[in-house]
1. If you go through region 121-141 one residue at a time, do you hit one that is open to solvent by 20 Å² or more (accessible area, probe 1.4 Å), of a type outside the set (D, E) and in contact with a strand residue (DSSP E or B) (Cβ under 7 Å, 6 or more places away or on another chain)?
2. Is at least one residue of region 161-182 hydroxyl-bearing (S, T, Y), farther than 20 Å from D50 by Cα and within 15 Å of the chain's Cα centre (by Cα)?
3. List the residue pairs whose Cβ atoms are under 9 Å apart, where the first residue sits in region 124-147 and is in contact (Cβ under 8 Å) with a residue 12 or more places away in the chain and part of a helix (DSSP H, G or I), the second is among the β-branched types (V, I, T) and open to solvent by 50 Å² or more (accessible area, probe 1.4 Å), and the two are 6 or more positions apart or on different chains.
4. Just checking, does region 165-183 include any residue being surrounded by 15 or more Cβ atoms within 10 Å (Cβ to Cβ), among the hydroxyl-bearing types (S, T, Y) and part of a helix (DSSP H, G or I)?
5. Those residues that are surrounded by 18 or more Cβ atoms within 10 Å (Cβ to Cβ), without any contact (Cβ under 8 Å) to a residue 60 or more places away in the chain and not in a helix (DSSP H, G or I), I need them from region 1-43; list them, please.
6. Take residues that are touching a helix residue (DSSP H, G or I) at 6+ places or on another chain (Cβ under 9 Å) and surrounded by fewer than 16 Cβ atoms within 10 Å (Cβ to Cβ) and tell me which of the helices (runs of 4 or more DSSP H) falling wholly in region 47-102 contain 1 or more.
7. Taking R196 as the residue in question, decide whether it is over 20 Å from A93 (Cα atoms) and without any contact (Cβ under 8 Å) to a residue 24 or more places away in the chain.
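The values are calculated or read from the model by the stated rules, or taken from the named source; none is laboratory data. None of the values given here were measured: they were computed from a predicted structure. Here the Cβ positions follow ideal geometry from the backbone for every residue, glycine too, while neighbour counts run over all protein chains shown. The protein model used for the area step is the full one, side chains on, heavy atoms only, and it has no ligands, DNA or RNA in it. Shrake-Rupley method; radii C 1.70, N 1.55, O 1.52, S 1.80 Å.
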Amino acid sequence: SYVKTANADGVIVCISGGIDSAVILALCVKALGKRKITALILPCQSQPQDEIDAKMVLDMFEVNHYRFDLTSIYLEFLKVTEKEIKGNMLSKANIKPRLRMITAYFIGQSLENHLVVGTGNRTEDAIGYFTKYGDGGIDFLPIGDLYKCEVRKLAKKLNIPEVIINKPPSAGLWEGQTDEGEIGITYDELDEIIYRIDHNKDLTDIDQDKLLKVQKMMKASEHKIKEIPKFIIKE
């Protein structure tokens, strides 16, 4: 319905080799048919296994896809900018999803009116666990209201391979990086806390240190999900 309302001809889906993008691809195939989908594999100093898993998903659904290695662009960007500004680990890592966003929109416009589909879920969205104008730079979020545990259940319904469902979630920003390791809380714990906050449930039996951490992350990331503030002239 959203694609029709936007008068779009198709969608762009970036395939990372993880569960979220695999679920999104499966849903898009069901909703639109594979001819209206263009999938992208966009490695950028990525782990080889992630690309192997991404290709496994693409082989399952037989959608048209392209592969562009962005590593050389990433390194050239750092070469140019670090003559003046020495980036830190996170600022440099976030260049990668932003390069992918640029690529997705370039291809979307080049193919005439394709929307870029986001792969984020409610758990990540609530705490701002995405890169602003990177993987957060998208047109719509099909699973944006599903908690991570629900994404896993949906993946099983969609026959996503177990190796992808069970692999540790990772944004692939640096070697050995995992979502849970970076956040410091498991997805099961995050799901429980965010669900209770979302639905005004009792929080007294939740680990208070973890609850406080999640609340702080939610507060600190409001700028990522709220409408951009603008100055309004009052008459």
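1. Yes, because at least one residue in region 121-141 is open to solvent by 20 Å² or more (accessible area, probe 1.4 Å), of a type outside the set (D, E) and in contact with a strand residue (DSSP E or B) (Cβ under 7 Å, 6 or more places away or on another chain).
2. Going through region 161-182, the residues hydroxyl-bearing (S, T, Y) turn out to be 170, 178.
After this cut, where a residue has to be farther than 20 Å from D50 by Cα as well, the list is none.
So far as region 161-182 goes, no, none of its residues is hydroxyl-bearing (S, T, Y), farther than 20 Å from D50 by Cα and within 15 Å of the chain's Cα centre (by Cα).
3. D125/I225; A126/I225
4. Checking region 165-183: not a single residue is surrounded by 15 or more Cβ atoms within 10 Å (Cβ to Cβ), among the hydroxyl-bearing types (S, T, Y) and part of a helix (DSSP H, G or I).
5. Correct list: I15, I37, A39, I41, P43.
6. Details: elements: 48-61, 71-81, 89-93.
Qualifying helices (runs of 4 or more DSSP H): 71-81.
7. Working: over 20 Å from A93 (Cα atoms): yes; without any contact (Cβ under 8 Å) to a residue 24 or more places away in the chain: yes.
Criteria met by R196.
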